[in-house]
Amino acid sequence: MTTGTTKATKRLHVITWGCQMNVYDSARMQDVLAPLGYAAADGPEGADMVILNTCHIRDKAAEKVFSELGRLRALKDAKAAAGGRMILAVAGCVAQAEGAEIVARAPYVDVVLGPQTYHRLPEMVARASRAAGAVIETEFPAEDKFDFLPDQSAAPGPTAFLTVQEGCDKFCSFCVVPYTRGAEQSRPLGAVLAEARRLVAAGAREITLLGQNVNAWHGAPGGLAELIKQLAGINGLARIRYTTSHPRDMDDALIAAHGDVPQLMPFLHLPVQSGSDRVLAAMNRRHTAADYLRLVERLRAARPDLALSSDFIVGHPGETAADFAATLDLVRAVGFAQAYSFKYSPRPGTPAAAAPSQVAEAEKDARLQALQALLRAQQGAFNADCVGRTVDVLFTGPGRHPGQIAGRSPWLQPVHAAAPATLIGRIAPVKIVAANPNSLSATLVHEEHLPA
Ligand code: SAH
Ligand code: SF4
Ligand code: F3S
């Protein structure tokens, strides 16, 4: 859908927390509101509508939302005093989980909407404009929002996200996602391919397929491997990635695709959470540490230069010092290029939150520090290993310093190079000259990539 015929008369500001799916959703909410005349504003000051797209995964998520709402309330009041109106909406996973509490504690909020109802946003905004009191939509509707959302309108830039799967049926003991995002659902192959073609035509060179359980995608026979193969046939699409995967859904075809599809980048985020079989069982992960190690071995056999990333939780209820030591052992056995690690955070309504054997905060802190030191060392070693090598970088934007541009290596490392801005949006070989803790510095390899 084009929005060219609609005159932008209103200013919309979206604040996004949480995962990449929220980033994607925020863009889609902007798309669905564009026909109503809403265009993006840089900040919330004076905006006609502000959407808080929230995350509920860890920590004091709801408190963070309420404190941001307090700040926005002052802006809303200021706008009202000047004779205007600011519509305040709370979307995302906190809205889904705590919609009623939001309305009770922050009655000045106009709209509360869960992740499956974004296509209904125009109607909710219209209702909120007509009447006082909050409009709440946190049911899981029968219809699929993707059938009603307009096409992505904004030019994606060299890298784009594409949500292909949503929700989760795995019910890990600690996790809110099955409750906030609902049951696993896949978008059909045709719809995904059409969106991918539009993104590539608009300038995307890399697409990251998104899903809470992206490798459980079943929008066509053959699963995610089949989707990746079909995407690889799109002219101009140079790089394909997917995230986040569950070890149990890595099927043979997907493992083989890592060796067969050159566009599929040699980097995989594959959360394991723990290296202890006791804890993995308590987490309801339904895989063992050995299963994970075997999977890594098979992936590396298919694609020897594959780099791995993961998520870890320390201090899940019942985790002993020996369990934690098993996690460190697993990390040593795999060797990660990077990883995320978190202290277990009890989430209301999840089974682990009610478990009696909670781990003391100080113990969680100590374990997190030990794990992060090991993961940092592995990341440093992986980056240092790249020095002196020539790698292809997809340049995505300006760098930190004048005359520099920045992009990503095949292994998702940020790379900075002194190079002309004309290379942004293109892939060029560079020589890695230095490794920093979180990025690489490089020089261009071929003079012919420089403008005449
Ligand atoms: N679907 C993905 C990840 C979802 S959430 C998966 O299955 O791995 C992203 C990460 O947040 C998880 O991998 C987990 O490591 C972390 N996480 C989720 N719930 C958490 C909790 N209650 N406390 C701490 N970390 C949590
Ligand atoms: Fe959460 Fe587990 Fe589902 Fe991942 S697989 S989203 S951690 S319940
Ligand atoms: Fe957060 Fe919801 Fe994503 S809880 S991590 S925004 S799925």
In Å², rounded to a whole number, the accessible area per residue of the stretch 10-137 with probe 1.4 Å is 38
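With a cut-off of at most 10 other beta carbons within 10 Å, and DSSP calling the residue loop, which trypsin sites (Lys or Arg not before Pro) in the stretch 1-91 qualify? Please list them.
Those satisfying the criteria are K7, K60.
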Could you work out how far the C-alpha centroid of the stretch 203-245 sits from that of the stretch 146-183, in angstrom?
14
Set of lysines near K229 by C-alpha distance (under 16 Å), chain-local residues within fewer than 8 positions excluded:
none
Please find the FRET efficiency linking A104 to A8, where r is the Cβ-Cβ separation and R0 is fixed at 35 Å, and quote it to the nearest 0.05.
0.50
Taking 0.36 nm per residue of separation and subtracting the Cα-Cα distance, what length does fully extending A232 through A202 add?
9.1 nm
Using θ = phi - 60° and the Karplus form 6.51 cos²θ - 1.76 cosθ + 1.60, what ³J(HN,Hα) does each residue of the stretch 74-83 get, whole Hz, x for Gly and Pro?
4, 5, 5, 4, 4, 5, 5, 4, 8, x
Quick check for you: with a 1.4 Å probe and neighbouring chains kept, what is the accessible area per residue of the stretch 309-394, in Å²?
43
Taking 30 Å as R0, compute the FRET efficiency from the Cβ-Cβ separation of D329 and K60 and round it to 0.05.
0.40
My understanding is that a pair violates if its Cα-Cα distance is over 30 Å; which of K64/K364; K10/K145; K145/K170; K10/K170 do that in this structure?
K10/K170
Name the long-range amide H neighbours of H269: under 5 Å, sequence gap of 5 or more, or other chain; modelled H, no Pro or chain starts.
S309
From the phi of every residue in the stretch 23-40, what ³J(HN,Hα) in whole Hz does the Karplus formula 6.51 cos²θ - 1.76 cosθ + 1.60 yield, where θ is phi - 60° and glycine or proline is x?
4, 4, 4, 4, 5, 5, 5, 5, 4, 6, 8, 4, x, 7, x, 8, 10, 4
Straight distance only, please: which aspartates and glutamates reach the Cα of K343 with their own Cα at less than 14 Å, same-chain residues fewer than 8 apart left out?
D59, D311, E319, E361, E363, D365
Short version: ³J(HN,Hα) in whole Hz for each residue of the stretch 114-127, in order, from phi by Karplus 6.51 cos²θ - 1.76 cosθ + 1.60 (θ = phi - 60°), x for Gly and Pro, what are they?
x, x, 8, 10, 5, 5, 8, 4, x, 5, 5, 5, 4, 5
Search the structure for amide H atoms under 5 Å from the amide H of I87, placed 1.01 Å from N in the peptide plane, and list their residues when 5 or more places away or on another chain.
M49, V50
What aspartates and glutamates does K76 reach when the alpha-carbon gap must be under 19 Å and sequence neighbours fewer than 8 apart in one chain are set aside?
D42, E45, D48, E68, D110
At a 4.7 angstrom Cβ threshold, list every cysteine in the chain that has nobody to pair with, or say none.
C19, C55, C93, C168, C386
Sparse-neighbourhood loop hits (trypsin sites (Lys or Arg not before Pro), the stretch 286-394; DSSP loop; Cβ within 10 Å at most 15 others) -> R286, R389
Between D144 and V445, what is the spin-label point distance in nm, taking each point 7 Å from the Cα along the Cα→C-beta axis?
4.1
Shape call for the stretch 390-449, from the Cα gyration tensor axes a ≥ b ≥ c (a/c under 1.5 means rounded, otherwise prolate when a/b beats b/c, else oblate), comes out rounded
Yeah, the chain with a ≥ b ≥ c from its alpha-carbon gyration tensor (a/c under 1.5 is rounded, else prolate when a/b outruns b/c, oblate otherwise) is oblate
Which shape class applies to the stretch 10-137: rounded if a/c is under 1.5, otherwise prolate when a/b exceeds b/c and oblate if not, where a ≥ b ≥ c are the square roots of the Cα gyration tensor eigenvalues?
rounded
Here the gain from full extension of V387 to A354, 0.36 nm per residue of separation minus their alpha-carbon distance, amounts to 7.1 nm
Test of understanding: what is the full-extension gain from D249 to L293, defined as 0.36 nm times their sequence separation minus their Cα-Cα distance?
14.4 nm
What's the FRET efficiency of A322 with E123 using the Cβ-Cβ distance as r and R₀ = 41 Å, to the nearest 0.05?
0.15
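The values are calculated or read from the model by the stated rules, or taken from the named source; none is laboratory data. Quick caveat: nothing in here was measured; it's all calculated off a predicted structure. Glycine also receives a Cβ, built like all others from the backbone with ideal geometry; neighbour counts cover every protein chain displayed. The protein model used for the area step is the full one, side chains on, heavy atoms only, and it has no ligands, DNA or RNA in it. Shrake-Rupley method; radii C 1.70, N 1.55, O 1.52, S 1.80 Å.
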